[in-house]
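A quick write-up on the structure given underneath.
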Amino acid sequence: MIFFIIVGLLVGGILYQYMAKKAEKKKYKPLGKMIEVEGHKMHIFARGEEGQTVVITGGLGTASPFIDFYQVVDELSKHARAVVYERPGYGWSESATTPRNVDQITSELYCLLHKAKEKPPYLLVAHSYGSLEVIHFAQRYPHLVVGILFVDAGNPSFYQDFKPPLIKTVIYIVKFITHTGLMRIVGNILELLGIDKASVLPADIRPIAKMMFYSKWFNNDSIRELKDCNDSAEHVLSFGNLGDIPITILSAEDTVNKVKNWRKSQEQLTNWSTRSCHKIINNAGHKMPVTHSDVIVREILDLLKLAL
């Protein structure tokens, strides 16, 4: 009897999740451009008509870089051309059949920026695992990059030695509670209790943030990126450093103190350029793009002064 009750609840949760996703997909259309790159459409959002082009990418497993960096883009666009894009599987971007290694990812970014007619050169901003992507983009297209800002991002050597089995287990648990609707149900209950992590975002963006969180957190493409993590990091390391390109490394105090080898990883990032600067942001965690958007905007603007 208990078995059938559990099965019934799971089936009901799956149907609830399916219907909610279908309704949200119809209601909340992409706010940026959808551009086809190698057989799949990618979402790119830009604001600000004048100034240097700043290109922002997210970390591994996040639901939507557009949401993560919305506040950064909104404020930065008053001073520069602010662009955030979403890799395949993230946010509004379609899933891809192409490989998810760093070579493929940087090729897609190059093609996306070209098709979107975003004017180079670019100042690149990367959160977390996005460090591999922006370093390799600068290695392959040095004439297109004027600077890099790392936002609590790991050095490639950190990802080269990264052991994914434990995090894979966590990811599959997250996927299970997402697909069965449990994540959405718990979130709705917390919201009724007045606990809403999306409250820092503008009112019109909050429902989109929830849609992304309940449907795109640790998407299938991100799992494929994770499987290529070690090889991609080794590939980036094989290319060597970036010369004298201006680089700023922002490290979250909480991550530095709690994640094994993270402090060492942050210090190693300074070796990528002879013009690097490392800052630890007090009272910050790994979700810095959301909680410390003002700090990130300020550091981008300071870095632009050095780069131009």
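Derivation of every value follows stated rules applied to the coordinates shown; laboratory data play no part. This one's a predicted model, so the numbers in the text were calculated from it and none came from an experiment. Cβ sites come from the backbone with ideal geometry, for glycine too, and all protein chains shown count toward neighbours.
For the residues E234, E118, E50, a GNM of the chain with alpha-carbon springs under 10 Å puts the largest fluctuation on E50. Go through I105, S93, N283 and say which Cα lies farthest out towards the positive end of the charge dipole of the chain; charges sit on Cβ, +1 for Lys and Arg, -1 for Asp and Glu. The one lying farthest along the dipole's positive direction is S93. Counted over the stretch 64-221 with a bin width of 5 Å, the fraction of Cα pairs per bin, in whole percents, is 1, 8, 13, 19, 20, 16, 12, 7, 3, 1, 0.
Straight-distance candidates among the aspartates and glutamates for linking to K29, with alpha-carbon spacing under 16 Å and chain neighbours fewer than 8 residues away dropped: E86, E94, D204. Working from the Cα coordinates of the stretch 22-153, the gyration tensor eigenvalues give, after taking √(5λ), semi-axes of 21, 18, 14 Å in decreasing order. Across the alpha-carbon set of the stretch 229-290, the Rg to Rh ratio works out to 1.01, Rh being the Kirkwood radius. Working from Cα pairs under 8 Å separated by at least six residues, relative contact order for the stretch 62-117 is 29 percent.
The calculated pair-distance distribution of the stretch 2-307 uses every alpha carbon pair, bins of 20 angstrom beginning at 0, and gives 33, 58, 8, 0 percent.
Across the chain, the relative contact order, built from alpha-carbon pairs under 8 Å that are at least six residues apart, equals 22 percent.
Within the listed set K117, K287, K163, the residue fluctuating most in the Gaussian network model of the chain (springs between alpha-carbon atoms under 10 angstrom) is K117.
Roughly what percent of Cα-Cα pairs across the stretch 172-303 reach past 27 Å?
Numbers: 3459 of 8646 pairs.
Of all Cα-Cα distances in the stretch 172-303, 40 percent exceed 27 Å.
Straight Cα distances below 13 angstrom link K115 to the aspartates and glutamates E36, E38, with same-chain residues fewer than 8 positions distant left out. Taking A252, A198, A153 in turn, the Gaussian network model of the chain (Cα-Cα springs below 10 Å) assigns the largest fluctuation to A198. When the Cα positions of I35, H292, C229 are compared along the charge dipole of the chain, I35 comes out farthest toward the positive end, with charges on each C-beta of Lys, Arg, Asp and Glu.
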